[in-house]
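Below: one structure, written as structure tokens.
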Protein chains: 4
Amino acid sequence: MNHRLATTCSALVLPLLGTTTGAAMADSLPMRMNSNITEQQVLNAQQGWCNGLLAISKAYATGGFAAAEITASRILDQAYGYQYGAVAFKPTLTQHPQTFRGTKAGALAYFVGGNPSYPNDKGFAIKPWQKCAIRNQVIQLHGDLAITMGNVDLIDSSGKLTTVDKTWAFLREPDGEVRIVLHHSSLPFTAK
Amino acid sequence: MNHRLATTCSALVLPLLGTTTGAAMADSLPMRMNSNITEQQVLNAQQGWCNGLLAISKAYATGGFAAAEITASRILDQAYGYQYGAVAFKPTLTQHPQTFRGTKAGALAYFVGGNPSYPNDKGFAIKPWQKCAIRNQVIQLHGDLAITMGNVDLIDSSGKLTTVDKTWAFLREPDGEVRIVLHHSSLPFTAK
Amino acid sequence: MNHRLATTCSALVLPLLGTTTGAAMADSLPMRMNSNITEQQVLNAQQGWCNGLLAISKAYATGGFAAAEITASRILDQAYGYQYGAVAFKPTLTQHPQTFRGTKAGALAYFVGGNPSYPNDKGFAIKPWQKCAIRNQVIQLHGDLAITMGNVDLIDSSGKLTTVDKTWAFLREPDGEVRIVLHHSSLPFTAK
Amino acid sequence: MNHRLATTCSALVLPLLGTTTGAAMADSLPMRMNSNITEQQVLNAQQGWCNGLLAISKAYATGGFAAAEITASRILDQAYGYQYGAVAFKPTLTQHPQTFRGTKAGALAYFVGGNPSYPNDKGFAIKPWQKCAIRNQVIQLHGDLAITMGNVDLIDSSGKLTTVDKTWAFLREPDGEVRIVLHHSSLPFTAK
């Protein structure tokens, strides 16, 4: 990038002006600002989601429900964008009329259970998850928002593999923070 | 909007300058450009998706596979953003290893079937659909990109209702065209 | 907005389903997230720039250079996006080879002067400014970024009016903070 | 990019699953869509602006006013975003009350003159320009919108150099077209 611009400089500007001033063509020009999310930030945020899931699971195993809930609440604040408004969240195992979890309370209930307002939630994240890996099929970059679609593979302590179809959208703040604003997870379709 | 700006004008500028020139405060100022997608454009595009599905179904009923394929191809060009790159498309009824349809060919096979490269595709859009309605749970606006999540209700000629969980992202071009770049559809989870 | 969606609901969904459940059509649906900057946020940020200029001027009048510099530094952190990278800043009265102020240090020198690295800077903001008003000619909204172009009218303690041609771009963070990332100011052209 | 993702694949997914299927890890995954403007597209669009200016100048030299006007109109359609709404355009040599050219008609008058509604316009682009070069000080990337600030150097047939301070914003359509939506040009400030 710098190389190309340096070339542009010598090829176009210097012959035109007929003089060279080192100061005017400092290596650091042009200076830059870039508010786009990068693919690496997306991959890091996905890995962060896996790490968060495993952290909640481990907190439950070692500290019980209270520890899991504290961990999950912290992870939701960090990894999801509920502070921006309604997150589009369709978890894997939710049902009508509580399919969608546009609020943090609904997301927390899904991850750790124990909320009488969400009686069907058993706590997805407190299962004994051991491994979590992501296989991306599509990555889209749209400014500070990225969309990913693919599979997530989860393995529990008994070695059982669960694969889900997963769509995320991540929003990057100008300060570099990246948060999930869309999460649609579903079990693979199986023909009967 | 104009009212507020007119107020700003009289309150701040005119007292400051001490003179009033009608020409300088023309009703048409400030002039505007707005490249954001609107909620109405999103609702129209969703309705367009329903209309497209019903159009493919009707084309099949009246003209058979060939007519349905022509209609579907045209609708895909119009309503989906495959010309921009990979669309993140997880249809309702697809299975590994052809779950995701990042290309137009894969989307077309799903909608009308008949493509030996996608042997499990029966043609979702050629079923005898009669009605299609959308219930939004979340609408997000991010510049020229909008995300929606909710349900789509489909009724076929026998009166059978099929409800799916549906996520879309729509991208608006500066010229006003709106196309789907993300589509994740899944059957509702049912506890066994 | 709610009215239109309620209409959509009753017109499309309820006849389709043939039943009505109040809970399913809660007034609060769809829930929303909107990361776009609004015209009101733009107008507020412009007014904030004027207020900041007058605050630096007043700090200088009452507390001298040290007070002005502290005030200007705080305003730059708050109102400009130097923490995101290089701000595109061409102040009204700067000259080659220090025309552009991509760093906070260069902006601070322009506003208050007193920096030997910028010997031509006399301190634009420490002049005895009394009034500051903005007349927008164009406002553009592009997601979380807005562009404005127009005039700014400044009046000093002697009653002298200075008008400049002014372009700004404002970037909104998801948390609602709005900062200047582009500022091009120039004296009106006068034919000789 | 592909290399990194391939590494991610082998490091995370394959050990987890314990099996390898070539088909599932095709080299082409993930597929991508990217609606961001690139720095190269920005540099090309800048060069396109220079080329357009020289083309109008040449059309005038060889074909007179009519040829220049046709050329300028075509270049404005191609290079500026007037079809999207009001372009924020402050040309170098315009004066109150016609400083800003939010419409194509105003821009065309500035470039070629000859419009009685803009009596001060002499036709900036029909001067005998021979060379045009751009020196960027700041480049910002914000999704499909890019901002540049720096200098443009123009040399006419007599060898006279004119340097201006120049800010542009470019908007990229999803189909790859890039157009100017902001253009603020000003003569360098000179202390009296």
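The values are calculated or read from the model by the stated rules, or taken from the named source; none is laboratory data. Treat the numbers as computed from the prediction; the structure is a model and nothing was measured. Cβ sites come from the backbone with ideal geometry, for glycine too, and all protein chains shown count toward neighbours. Side chains are part of the model used for accessible areas, which takes the heavy atoms of the whole protein and leaves out ligands, DNA and RNA. Shrake-Rupley method; radii C 1.70, N 1.55, O 1.52, S 1.80 Å.
Could you pull the accessible area for D:Ser73 with a 1.4 Å probe, rounded to 10 Å²?
Probe radius 1.4 Å; accessible area of D:Ser73 about 30 Å².
For chain D, build the charge dipole from Cβ charges (+1 Lys, Arg; -1 Asp, Glu) around the Cα centre, then report which of D:Gln130, D:Asn120, D:Ala59 sits farthest towards its positive end.
Checked the options; the winner is D:Asn120.
Would you kindly work out, in nm and rounded to one decimal, the distances from the label point of D:Ser117 to those of the same position in each other copy, ordered shortest first, with label points 7 Å along Cα-to-Cβ?
Nearest first, the other copies' label points are 4.9, 5.2, 5.8 nm away.
How large are Rg and Dmax for the range B:73-177 when only the alpha carbon atoms are used, in Å?
14.7, 42
How large are Rg and Dmax for the protein assembly as shown when only the alpha carbon atoms are used, in Å?
Taking only Cα atoms of the protein assembly as shown, I get Rg and Dmax of 28.9, 85 Å.
Hey, how many Å between the Cα centroid of the range A:63-132 and the Cα centroid of the range D:172-192?
With the range A:63-132 and the range D:172-192 each reduced to a Cα centre, they are spaced 47 Å.
Let's test the formula: R0 of 30 Å, r as the Cβ-Cβ distance of B:Thr62 and D:Gln78. What FRET efficiency results, to the nearest 0.05?
Using R0 = 30 Å, I get an efficiency of 0.10.
May I ask for the net charge around D:Lys160, where only other residues with Cβ less than 13 Å from the Cβ of D:Lys160 are counted and Lys, Arg are +1 while Asp, Glu are -1? Walk me through the numbers on the way to the answer.
Numbers: positive: D:Lys127, D:Lys131; negative: D:Asp153, D:Asp156.
That works out to 0.
What do you get for the angle between helix D:39-79 and the principal long axis of chain D? Use alpha-carbon atoms, 0 to 90 degrees, nearest ten.
Taking Cα atoms only, the helix is inclined about 30 degrees.
Count charges around A:Leu108 for me, please; just the other residues with Cβ under 14 Å from its Cβ, Lys/Arg as +1, Asp/Glu as -1. Please report the intermediate quantities before stating the final value.
Numbers: positive: A:Arg74, A:Arg101, A:Lys104, A:Lys122; negative: A:Glu69, A:Asp77, A:Asp121.
Combined, the nearby Lys, Arg, Asp and Glu give +1.
Please report which chain C residue places its beta carbon nearest the axis carrying chain C onto chain D, with the distance rounded to a whole angstrom.
C:Ser186, 2
Straight-line reach only, C-alpha to C-alpha below 24 angstrom: list the lysines that C:Lys58 could link to, leaving out same-chain residues fewer than 8 apart.
C:Lys90, C:Lys104, C:Lys122, C:Lys127, C:Lys131, C:Lys160, C:Lys166
Leaving out ligands, DNA and RNA, calculate the buried accessible area for the pair C and A with a 1.4 Å probe, summed over both sides, in Å² to the nearest 100.
1400 Å²
To the nearest 20 debye, what charge dipole does the protein assembly as shown have about its Cα centre, counting +1 at the Cβ of each Lys and Arg and -1 at the Cβ of each Asp and Glu?
Here the size comes out at about 0 debye.
Return the average number of partner chain Cβ atoms within 10 angstrom of each residue Cβ along peptide A:123-136.
Mean shielding by partner chains, rounded to a whole number: 3.
When every alpha-carbon pair in the range D:141-192 is counted, what percent end up more than 18 Å apart?
Result for the distance tail: 48 percent.
Please average, across the residues of D:79-85, the number of beta carbons from any other chain that are within 10 Å of each residue's own beta carbon, and give a whole number.
Average neighbour count from other chains, rounded to a whole number: 4.
Along the positive direction of the dipole of the range B:39-186 (beta-carbon charges: Lys, Arg +1; Asp, Glu -1; about the Cα centre), which of B:His142, B:Tyr84, B:Ser157 reaches farthest?
B:Ser157
How far is C:Leu93 from itself in the other copies, in nm, if each label sits 7 Å out from Cα along the Cα-Cβ line, shortest first?
Nearest to farthest, the other copies are at 2.8, 6.9, 7.4 nm.
First compute the accessible area of the range C:43-163 with a 1.4 Å probe, then give the percent of it belonging to carbon and sulfur atoms.
Answer for the range C:43-163: carbon and sulfur cover 53 percent of the accessible area.
Compute, for chain B, the length of the dipole vector about the Cα centre, with Cβ point charges of +1 (Lys, Arg) and -1 (Asp, Glu) only. Units Debye, rounded to 20.
540 debye
If you average 1/r over all unlike Cα pairs in chain B and invert the result, what Kirkwood radius do you get in angstrom?
Every distinct Cα pair counted, the radius reaches 19.1 Å.
Let's test the formula: R0 of 22 Å, r as the Cβ-Cβ distance of D:Arg32 and A:Leu93. What FRET efficiency results, to the nearest 0.05?
0.15
Using a cut-off of 13 Å between beta-carbons, work out the net charge of the residues near D:Thr148 (Lys and Arg +1, Asp and Glu -1, D:Thr148 not included).
My count for the surroundings of D:Thr148 gives +2.
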